[in-house]
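Novice: Just passing along the structure, written as structure tokens.
The values are calculated or read from the model by the stated rules, or taken from the named source; none is laboratory data. Bear in mind that the values here come from a model prediction, so they are computed numbers and not experimental data. Positions of Cβ are generated from backbone atoms using ideal geometry, with glycine treated the same way; all protein chains shown enter the neighbour counts.
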Amino acid sequence: MLSLDKSVICGLMLGMVHGYLQPVGAVPVVPNFTQGSMTSHTETTSKVTETINSMDYNTGYQYTVTGSGITANKSLSPGTGSTSVTIDGVTSTWTGVMSKPQFTQTTPGAAFQFTETYQGPGLSNQTIIQRTTEVKSITDTTSIFSQ
């Protein structure tokens, strides 16, 4: 077994206690720059393609007669009736003109004017607009810093 002198043990103990009691100092942090700047450039482009489909429907009918120098053989009101159509198991029924009055020239050979129009139910107008919109955004940022 190893034997140590009492003076050696005391010296070792004092050295250990003294090591624990030493003050601890912080190391200062010093930046390695004095001034500077940072520039950032960002570009973003987005592209949107859209289709607008607008449809106008007539749910009934329109019948119009105008003129001069003509005579109707009966009432100007047209005869109406219903019509049904089945497509792929879906039945649709609409009311429209089935018969209309007959017109003759009042004085044969004389001047006359006659206009007759009929617009039935269904799709009357369809407008399709296709457009592409491109938006470009540019951001430039500069940061300046100094000590």
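Novice: Within segment 114-129, identify whether any single residue is assigned to a loop (DSSP other than H, G, I, E, B) and loosely packed, with under 10 Cβ neighbours inside 10 Å, and answer yes or no.
Specialist: No - not one qualifying residue is present in segment 114-129.
Novice: Quick one: which of SER75, SER143 is touching a residue at least 24 places away in the same chain (Cβ under 8 Å) and either touching a helix residue (DSSP H, G or I) at 6+ places or on another chain (Cβ under 6 Å) or closer than 30 Å to SER37 by Cα (or both)? Walk me through how you get there before you give the answer.
Specialist: Details: SER75 fails: either touching a helix residue (DSSP H, G or I) at 6+ places or on another chain (Cβ under 6 Å) or closer than 30 Å to SER37 by Cα (or both).
One residue alone meets the criteria, SER143.
Novice: I've got another one for you. Looking only at segment 82-101, how many residues end up being loosely packed, with under 10 Cβ neighbours inside 10 Å and assigned to a strand (DSSP E or B)?
Specialist: The first filter runs over segment 82-101 and keeps only residues loosely packed, with under 10 Cβ neighbours inside 10 Å, leaving 82, 84-91, 93.
From what's left, assigned to a strand (DSSP E or B): 82, 84-87, 90-91, 93.
Final tally of qualifying residues: 8.
Novice: Let me ask another. Output yes when any residue across segment 80-95 is of a type in the set (Asp, Glu) and either under 30 Å from the mean Cα position of the chain (by Cα) or at negative phi (or both), and no when none is. Spell out the reasoning first.
Specialist: Here is the first cut: in segment 80-95, the ones of a type in the set (Asp, Glu) are 88.
Then keep just the ones that are either under 30 Å from the mean Cα position of the chain (by Cα) or at negative phi (or both); that gives none.
Within segment 80-95 (the criterion being of a type in the set (Asp, Glu) and either under 30 Å from the mean Cα position of the chain (by Cα) or at negative phi (or both)), the answer is no, since none of the residues qualifies.
Novice: Given the criteria loosely packed, with under 10 Cβ neighbours inside 10 Å and closer than 30 Å to THR39 by Cβ, does VAL135 qualify? Spell out how you get there, then give the answer.
Specialist: Numbers: loosely packed, with under 10 Cβ neighbours inside 10 Å: yes; closer than 30 Å to THR39 by Cβ: yes.
So VAL135 fits the description; yes.
Novice: Here is a follow-up. Can you name every residue in segment 48-76 that is touching a strand residue (DSSP E or B) at 6+ places or on another chain (Cβ under 9 Å), surrounded by 10 or more Cβ atoms within 10 Å (Cβ to Cβ) and not in a strand (DSSP E or B)?
Specialist: Across segment 48-76, the qualifying residues are GLY60, TYR61, GLY69, LEU76.
Novice: Just give me the residues in segment 11-63 being among the hydroxyl-bearing types (Ser, Thr, Tyr) and either at pLDDT below 90 or touching a helix residue (DSSP H, G or I) at 6+ places or on another chain (Cβ under 7 Å) (or both), in sequence order. Walk me through how you get there before you give the answer.
Specialist: Looking only at segment 11-63, we keep the residues that are among the hydroxyl-bearing types (Ser, Thr, Tyr), and these are 20, 34, 37, 39-40, 42, 44-46, 49, 51, 54, 57, 59, 61, 63.
Within segment 11-63, TYR20, THR34, SER37, TYR57, THR59, TYR61, TYR63 meet the criteria.
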